[in-house]
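These notes are about the structure you will find just below.
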Amino acid sequence: MQIAIGADHGGFQLKVVLAEHLKKLGYVVLDLGTHDEHAVDYPDYARAVAQTVLNKKAERGILICGSGVGACVAVNKFPGIRAAVCHDTYSAHQGVEHDDMNVLCLGARIVGRELAKELVKTFLEAVFSGGERHVRRLGKIAEIEKEFMKG
């Protein structure tokens, strides 16, 4: 499985740790930056991860900023992206199983390295249930996206 990973300066150090961890787990990692700790804008990396997932160059994405919130807000602007900030394992797998979440957002100033590794592993091992009620709800989300894309 190919994973797109991106971070702003606040998430850079955790991104480096997680990219290495993912490689050890056997994933192909597409590191979309940033590549140092100089101040950058998280929407640029949200765009890169979103486009990589939407263009099917990666099956899932991971975004990291200081809190995870800014990156999550930005990446959710892209129709077809379903992202959430997850700082607990339940949300990391339930978001995939029920909501077909395709981007995990993490706050580098919120979670430690070991918890972040566990969250990423949990997110990537989870599978969408395909349950009728979940599919129905995702259809409603797609309708909302279409409605607001018309303008």
Nearest-20 debye value, segment 2-149 charge dipole, Cβ charges on Lys, Arg, Asp, Glu: 240
Cα long-axis angle, helix 12-24 against the chain (0 to 90 degrees, to the nearest 10): 80
Length added when fully stretched, Lys140-Asn55, from 0.36 nm per residue minus Cα-Cα: 28.4 nm
Descending Cα extents along the principal axes, the chain, whole Å: 40, 33, 27
The chain - mean residue ellipticity at 222 nm from DSSP helices (-39,500 (n - 2.57) per run, n ≥ 4, rounded to 500): -15500 deg cm²/dmol
Partnerless Cys - the chain, beta-carbon criterion under 4.7 Å: Cys65, Cys86
Net length gained if the chain between His87 and Leu25 were fully extended (0.36 nm per residue, minus Cα distance): 20.3 nm
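Rank these for me by crowding, Met149, Met1, Met101, going from fewest to most other beta carbons within 10 Å. List each step's numbers first, then the result.
On the way: Met149 8, Met1 12, Met101 23.
Going from sparsest to densest Cβ surroundings: Met149, Met1, Met101.
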Residue list for segment 78-101, given a label point 7 angstrom along the Cα-to-Cβ vector of Ile110 and an amide N cut-off under 20 Å: 78, 81-101
Anisotropy class of segment 87-145 from Cα gyration tensor, a/c 1.5 cut: prolate
Spacing of the two label points (7 Å from each Cα toward its C-beta) at Glu97 and Val69, in nm: 2.8
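Taking the number of other C-beta atoms within 10 Å as the exposure measure, put Lys57, Lys121 in order starting with the fewest. Numbers along the way, then the final one.
On the way: Lys57 11, Lys121 18.
Arranged by neighbour count, lowest to highest, Lys57, Lys121 become Lys57, Lys121.
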Which listed pairs, of Lys57/Lys117; Lys117/Lys140; Lys23/Lys77; Lys15/Lys146; Lys15/Lys121, have C-alpha distances above 24 Å, in listed order: Lys117/Lys140; Lys23/Lys77; Lys15/Lys146
Distance (nanometres) between label positions extended 7 Å along Cα→Cβ at Asp44 and Asn76: 2.5
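Bear in mind that the values in this text are calculations on the coordinates, not laboratory data. All figures in this text were calculated on a predicted structure; none of them were measured in a lab. Cβ: placed from backbone, ideal geometry, glycine included. Neighbour counts: every protein chain shown.
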